[in-house]
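Notes to accompany the following structure.
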Amino acid sequence: MSTYSVDPSAPDEPYLRFWRERHLCTLTTLRPDGSPHVVPVGVTYEPGAGLARVITNKASAKAAHVLAAGPEGARVAVCQVDGRRWATLEGRAYVRGEPERVAEAERRYAERYERTPSPNPSRVVIEIRVERALGRG
């Protein structure tokens, strides 16, 4: 059986390059009944900080699922696929609303997706403390 484990704090260059390219991703959270909630999102990955980030509206279902998990954070996964290349980041997610954290997430989103997110006073960032990385970049 092949292993596709990647060191999340020091990914190889092809894996990191894949996360810098413009790709639509998915975020999987868990609903209160335990069923998966999978939605398309933009994701940025900062291995040195051990973080992946998703910007969203604070009233979104994904933010509600993360908040419902409490102070320990919600177990989540983000994933992207392009042909035979794929990458998944798993970890604990937390909703952050501090203006500096949201601004940093918006900056990184604009850098990766080559467009500035439209203004949204209800925006928050879901920060994922990456515990596991898998894939083939």
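The values are calculated or read from the model by the stated rules, or taken from the named source; none is laboratory data. Here the structure is a predicted model, which means the values were calculated and not measured. Every residue, glycine among them, receives a Cβ derived from its backbone with ideal geometry; neighbour counts consider all protein chains shown. The accessibility values were calculated without ligands, DNA or RNA, using every heavy atom of the protein model including side chains. Shrake-Rupley method; radii C 1.70, N 1.55, O 1.52, S 1.80 Å.
Of the residues making up segment 36-85, not one is out of contact with any helix residue (DSSP H, G or I) (no Cβ under 6 Å at 6 or more places or on another chain), of a type in the set (Ser, Thr, Tyr) and crowded, with 20+ Cβ neighbours inside 10 Å. Within segment 8-34, residues that are under 15 Å from residue 79 (Cβ atoms) and open to solvent by less than 90 Å² (accessible area, probe 1.4 Å) sit with their Cβ atoms under 7 Å from residues that are of a type in the set (Lys, Arg) and in a helix (DSSP H, G or I), at 6+ positions apart or across chains, in these pairs: 27/62; 29/62. Inspect segment 104-123 for any residue being assigned to a strand (DSSP E or B) and under 23 Å from residue 8 (Cβ atoms) and give the result as yes or no. Within segment 104-123, none of the residues are assigned to a strand (DSSP E or B) and under 23 Å from residue 8 (Cβ atoms). With the structure loaded, tell me whether residue 22 is assigned to a loop (DSSP other than H, G, I, E, B) and at pLDDT 95 or above or whether it fails that test. Yes; evaluated as a whole, the condition is true for this residue. Within segment 89-106, residues that are on the phi < 0 side of the Ramachandran plot have Cβ atoms under 7 Å from residues that are assigned to a helix (DSSP H, G or I) and open to solvent by less than 50 Å² (accessible area, probe 1.4 Å) in these pairs: 93/66; 94/66; 95/63; 95/66, counting only partners at least 6 apart in sequence or on another chain.
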